[in-house]
Amino acid sequence: MIRKFTFFLLLMFSAIFFAQIYKPLDTSDYAQRKEFARNYMANNELLIKDLKSKYSGKAGSELPKIYKELGKDFDDKVKNKDFTFNSVFDAKVKSLIERLRKNNPQIPQNLKILIAKNNTPNAFCFADGTFVINMGLFSWLNNDDQLASVISHELGHKITEHTLKAFLSMINQNQTDKLVVQNIKSNKVNRNQRAFDVLRDRIYQKGAKNRKQEMEADSLGYVVFKNSNFKKNEFINALKRLEDFDTISPRQLNVETYKKFFNLPKQEFNDKWLAKEDFSLYNYNNFNNKLNKDSLKSHPEVTLRINNLKKIFPELKNEVADEKASESYAILEKIARMETLPNFYHSEDYGLGIYTSLQFLQDGEEEKYYKNWLGKCFGKIYEARKNYNLNRYLDRVDPKNQSESYQQFLNFMWNLNLDEIKNIADYYQYKES
Ligand SMILES: [Zn+2]
């Protein structure tokens, strides 16, 4: 009954939201954010106390430092509104975890779900039971079962305390000071790439040890998943889907699209905008196989992991096509897709926001909505250009590591002068909305 009611609410929600122009999720949840941060910091203190009593020597002094830094870093993210509270996504995640818990009593009871305004399909479970699910999972994965499989994998890490083990091994190899202290203070790292991400990437990084952890989390996660009657093969399908993810979509942006959206009544399109920097010094052929690799692969070596699962669990050997999404999942998938631009805007990735808006516009999707975001992002690019800090929001052309389409886009952006940027920003912010 409750499930039916939730579904009905979602349906109403979507009818209201998509009949008119989509309105991004409200993140002005001040009271909830404050309450969450207070509890989180209190729990983190308890955790640190506990670690101090459990470990002595180097681990006893270093582990509390790491968790303290991570706690502060996480608190900053909460204050920065990087998460949504009680959004439409929560109910789905909670119901999937409940379903997993039914036949798996080893799943901790105290999990707290947070949905991150982040387009990368990833999840992370903290030591204190805070479970972060990136919105990108909803737009990238195809159904409930695939989402449950990612949750199961993370629970596998949590149950075996992989994060703590990884920290301990880093401490023993004298790698912590450099990481924890320098990375937080360094301005060289992306503004949003804070201590937590650096450490997490470190934990997930390539290497025999972490490959072993990934495989452990896979097999333990798969058992949890299987016990709960999800469609078994979706565990493999989810891994394949994640392998295909790129932070910058490899979809090609056509020259006609630039001409269509930047030929304005008061500012005719100028072919010179499409001129490319001369990179003839580079030998392109050497880099061809590296093109379209703009990604930050969340979990490396997926093929190895899939083969490992097939070896241990023979029932996974036969591949099965992706299951169709349930209606409730399809609604969330659509909402997450519509949040792509608000999320880029929130993380101040304005260049990427423009590139992505143009891709959606090229496909003829929600024209009014994406033109509006085009205007907002161009407004920010104008401010940045005026203040000489465009570098912070727009990548430089890098033929070694970018697809040709993305390089063309960056050339176009860097070729525009201040007035031209202003005209585009004004046109889309005021004339079109
Ligand atoms: Zn993992």
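The values are calculated or read from the model by the stated rules, or taken from the named source; none is laboratory data. Values in this document were obtained by computation on a predicted structure and should not be read as measured data. Cβ sites come from the backbone with ideal geometry, for glycine too, and all protein chains shown count toward neighbours. What goes into the accessible areas is simple: the full protein's heavy atoms, side chains included, and nothing from ligands, DNA or RNA. Shrake-Rupley method; radii C 1.70, N 1.55, O 1.52, S 1.80 Å.
Going through the stretch 315-365, which trypsin sites (Lys or Arg not before Pro) have at most 10 other Cβ atoms within 10 Å and a DSSP loop state?
Loop-located and lightly packed - K324.
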In this structure, the FRET efficiency calculated for I21 and N103 from their beta-carbon separation, with R0 = 56 Å, to the nearest 0.05, is 0.80
Per residue, in Å², the accessible surface of the stretch 305-433 once ligands and nucleic acids are set aside, probe 1.4 Å: 44 Å²
Would you mind checking the pairs K158/K212; K117/K165; K79/K158; K92/K117 and listing those with alpha carbons more than 18 angstrom apart? K117/K165; K79/K158
Simple label model, 7 Å out from Cα along Cβ direction - N318 to E383, nm: 5.7 nm
Trypsin sites (Lys or Arg not before Pro) lying in DSSP loop within the stretch 38-143, provided at most 16 other Cβ fall within 10 Å: K81
What list of whole percents do you get for P(r) of the stretch 207-256, with Cα-Cα distances grouped in 5 Å bins up to the one holding the largest distance? 4, 16, 16, 19, 15, 10, 8, 5, 4, 3, 0
Could you pull the accessible area for E366 with a 1.4 Å probe, rounded to 10 Å²? 60 Å²
For an R0 of 30 angstrom, estimate the FRET efficiency from the Cβ-Cβ distance between L264 and D363 and round to the nearest 0.05. 0.90
Just in the stretch 239-281: which trypsin sites (Lys or Arg not before Pro) are loop by DSSP and have at most 13 other Cβ atoms within 10 Å? K266
Among rounded, prolate and oblate, which fits the stretch 21-133 when a ≥ b ≥ c are the square roots of the eigenvalues of its C-alpha gyration tensor, a/c under 1.5 means rounded, and a/b larger than b/c means prolate? oblate
Judged on accessible area alone, 1.4 Å probe, highest first, V224, V255, V88 line up as V255, V88, V224
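Indicate the gyration tensor shape class of the stretch 356-433 (rounded, prolate or oblate), computed on the Cα atoms with a ≥ b ≥ c the square roots of the eigenvalues: a/c under 1.5 is rounded; otherwise a/b larger than b/c is prolate and the rest oblate.
oblate
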Just the accessible area for S95, please: 1.4 Å probe, Å², rounded to the nearest 10? 50 Å²
Longer than 28 Å from Cα to Cα, which of K68/K376; K68/K310; K77/K240; K23/K77 are they? Say none if no pair is. K68/K376; K68/K310; K77/K240
Potential extension, E35-N391 segment - 0.36 nm per residue separation minus Cα distance: 124.5 nm
Please report the Cα spread of the stretch 62-116 along all three principal axes, rounded to whole Å, starting with the longest. 37, 29, 11
Cα→Cβ-extended label distance, 7 Å offset, between N254 and E277, nm: 2.8 nm
Tell me, what is the FRET efficiency for L164 and N401 to the nearest 0.05, using R0 = 35 angstrom and their Cβ-Cβ distance as r? 0.55
If I ignore ligands, DNA and RNA and count only protein heavy atoms, how much of M413 is accessible to a 1.4 Å probe, in Å² to the nearest 10? 0 Å²
Along Cα→Cβ, 7 Å out, is where each label goes; now give me the distance between the ones at T247 and S56 in nm to one decimal. 4.3 nm
Built amide H within the under 5 Å cut-off of L264, gap 5+: F269
When only the heavy atoms of the protein chains count and the probe is 1.4 Å, how do F313, F378 rank by accessible area, highest first? F313, F378
